[in-house]
Amino acid sequence: MGNTDLTYQGNRSFRKCGVFKTWAQSAGPDSNPQFFCGLRTDALEVILLDGRQFLYDLEGRPLRNGSVNEYRFRGLSHNGTLARKRPLEVGGGFEKKALTPRQITELCRESCQVARSVHAYIHAGHPIDGFPTSDLATLRPLLEVLAKANRMTPAGLQAQGRRFLEIYRPITVLPPDQYLAFVLQLTEGCPFNRCTFCNLYRDTPFQVKKPDAFVRHLEDAVEFHGDDLKRKTTIFLGQANALGVSFKLLAPLFEILRHNFEFPQPDQKVRPDWARGSTTRFLGLHSFIDGFTGLRHGIQEFQQMRTWGLRRVYLGLESGCQELLDWLDKPAPLPNMQHTLQNVIAAGLAVDPILLVGAGGTAFAKAHIQESLDFLRQCGLPQGNRVYLSPMENTEAGAYGEKSRRDGIRPLTREEIHQQRQELVQELRAIGLQPVPYRVQPFAY
């Protein structure tokens, strides 16, 4: 391969990277373009000699492009996110912001052009190296996805985004471990929709889908995702809290899920890749949950949901300080949330509480930390249980900012929020719990 052998992490050859099931690479120093094209279990990746990387889902749609320091992500609704690496001196990681429509169009144009160039090069009979061989017949799975990417156009992708928004309400937030989940929306909106810190569902009236409407939603979603479902291993039930309705309403919706998909039995041990590569197998169902759900569903109801495939829920605790919850207009008394947590644990489900770092500003800073820790100690969470720490964003804006100014409460600065997070991390670890960061930033589903 000479100088066309593309490498990563300094000098490691992509050809020797075990993540690719099959790959093709341009052969010879004069190849144009000089590329490595590899098919992973979950995506198609193209790497060019200049270091740019292009990722496509299994339907050929652009997912991401960029280089080591900056990536652009495209969502199925034709939204997008820019992730730019921050210097280590200011904390490292990536700073994210939403892409403009023009930037999304440019992302699509570049990704489509690269796919067309690679597709044309291979099918023109130019020399390639390949795995398992350079014979195109052995590269068929890769070439099938590349052919799909070759047919994509910026206009066609924009039309797909419109179709996505006909199937889904906006997917504005997911738990960090569910960004790659197959989202299905049993409900729309939030039944409370008045917390001062949240404006995600202000314009969405709450409703539960009737069985026939949910079947249509599910069928449309499956058709839209197509082969890309092969890279999704869990199903996330949205929108805000799909479990916050009566068991009588939930039962037929869960039955529809069980009719269409396969889940392991609750205590069945399966490999993590058991569901990968299939459009009908999933490791389990996940959902947000609120503090009232434990009053609506008892242990037996949660146990039944577990037999139907439910595996993990995410509780928006926000704080263990009742005075702060009242100030945030969070309509969930702490005894109710404790009851919910204990019912879920007793039913054998995993539950991840979420704390809102920086909530209540300087007025509640000390009580927020101490009373949250006291509450979590009392809930009987297993050792090593995850607790998500979600920092407040844009504290000067919206209903939260207005209420802070009206009540004379100074929101915490970014540095103070970081300090509170560090204190919570230290104290949570001391009581045997696992703190996990959860930044609600722009993201592309």
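The values are calculated or read from the model by the stated rules, or taken from the named source; none is laboratory data. Values in this document were obtained by computation on a predicted structure and should not be read as measured data. Every residue, glycine as well, gets a Cβ built from its backbone with ideal geometry; the counts of neighbours run over all protein chains shown.
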Can we say ARG162 is assigned to a helix (DSSP H, G or I), at pLDDT 90 or above, charged (D, E, K, R) and under 18 Å from ALA444 (Cβ atoms)? yes
Looking at LEU88, is it touching an Asp or Glu at 6+ places or on another chain (Cβ under 7 Å) and farther than 23 Å from ASN32 by Cα? no
Please tell me if ARG439 is among the basic types (Lys, Arg) and in contact (Cβ under 8 Å) with a residue 12 or more places away in the chain. yes
Candidate set from the range 282-301 (those that are part of a strand (DSSP E or B) and in contact with a Phe, Trp or Tyr (Cβ under 6 Å, 6 or more places away or on another chain)); member that is surrounded by the fewest Cβ atoms within 10 Å (Cβ to Cβ): PHE288
Any residue that is over 19 Å from ARG194 (Cα atoms), over 27 Å from the mean Cα position of the chain (by Cα) and not polar (S, T, N, Q) - is there at least one of those in the range 319-334? no
So which residues in the range 279-300 are in contact with a strand residue (DSSP E or B) (Cβ under 8 Å, 6 or more places away or on another chain) and within 19 Å of ILE235 (Cα to Cα)? THR280, ARG281, PHE282, LEU283, GLY284, LEU285, HIS286, SER287, PHE288, ILE289, ASP290
Pull up the range 92-119, narrow it to residues that are within 29 Å of PRO437 (Cα to Cα) and touching a residue at least 24 places away in the same chain (Cβ under 8 Å), then point me to the one that is surrounded by the fewest Cβ atoms within 10 Å (Cβ to Cβ). LYS97
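Name every residue in the range 22-63 that is among the β-branched types (Val, Ile, Thr) and in a loop (DSSP other than H, G, I, E, B), in order of residue number.
Hit for the range 22-63 is THR41, nothing else.
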When you look at ASP228, is it assigned to a loop (DSSP other than H, G, I, E, B) and among the acidic types (Asp, Glu), yes or no? no
Tell me which residues, restricted to the range 187-217, are outside any loop (DSSP other than H, G, I, E, B) and modelled with pLDDT under 95. THR187, GLU188, GLN207, VAL208
Boolean, PRO266 is within 18 Å of VAL245 (Cβ to Cβ), part of a loop (DSSP other than H, G, I, E, B) and at pLDDT below 95: no
With the structure loaded, tell me whether PHE364 is under 16 Å from THR196 (Cα atoms), aromatic (Phe, Trp, Tyr) and surrounded by fewer than 22 Cβ atoms within 10 Å (Cβ to Cβ) or whether it fails that test. yes
Looking at LEU184, LEU174, LEU157, can you tell me which residue is buried (at least 21 other Cβ atoms within 10 Å of the Cβ), within 18 Å of the chain's Cα centre (by Cα) and either without any contact (Cβ under 8 Å) to a residue 12 or more places away in the chain or closer than 22 Å to ASP57 by Cα (or both)? LEU184
Unmet criterion (only one of (1) loosely packed, with under 13 Cβ neighbours inside 10 Å; (2) touching a residue at least 24 places away in the same chain (Cβ under 8 Å); (3) closer than 16 Å to LYS209 by Cα) for PRO272: (3)
If we keep just the residues of the range 392-423 that are of a type in the set (A, V, I, L, M, F, W, C) and over 24 Å from the mean Cα position of the chain (by Cα), which is nearest to ILE369 (Cα to Cα)? LEU412
Selection status of ARG414, buried (at least 19 other Cβ atoms within 10 Å of the Cβ) and of a type in the set (Lys, Arg): no
Pairs with Cβ under 8 Å, 6+ apart, first in the range 302-313 and assigned by TED's automatic domain parsing to the domain that holds ALA242 and surrounded by fewer than 21 Cβ atoms within 10 Å (Cβ to Cβ), second aromatic (Phe, Trp, Tyr) and at pLDDT 95 or above: TRP308/PHE254; TRP308/PHE263
Hits in the range 380-391 (condition: under 27 Å from the mean Cα position of the chain (by Cα) and not basic (Lys, Arg)): LEU381, PRO382, GLN383, GLY384, ASN385, VAL387, TYR388, LEU389, SER390, PRO391
Would you mind telling me which numbered condition in (1) surrounded by fewer than 17 Cβ atoms within 10 Å (Cβ to Cβ); (2) modelled with pLDDT under 95; (3) of a type in the set (Asp, Glu) ASP220 fails? (2)
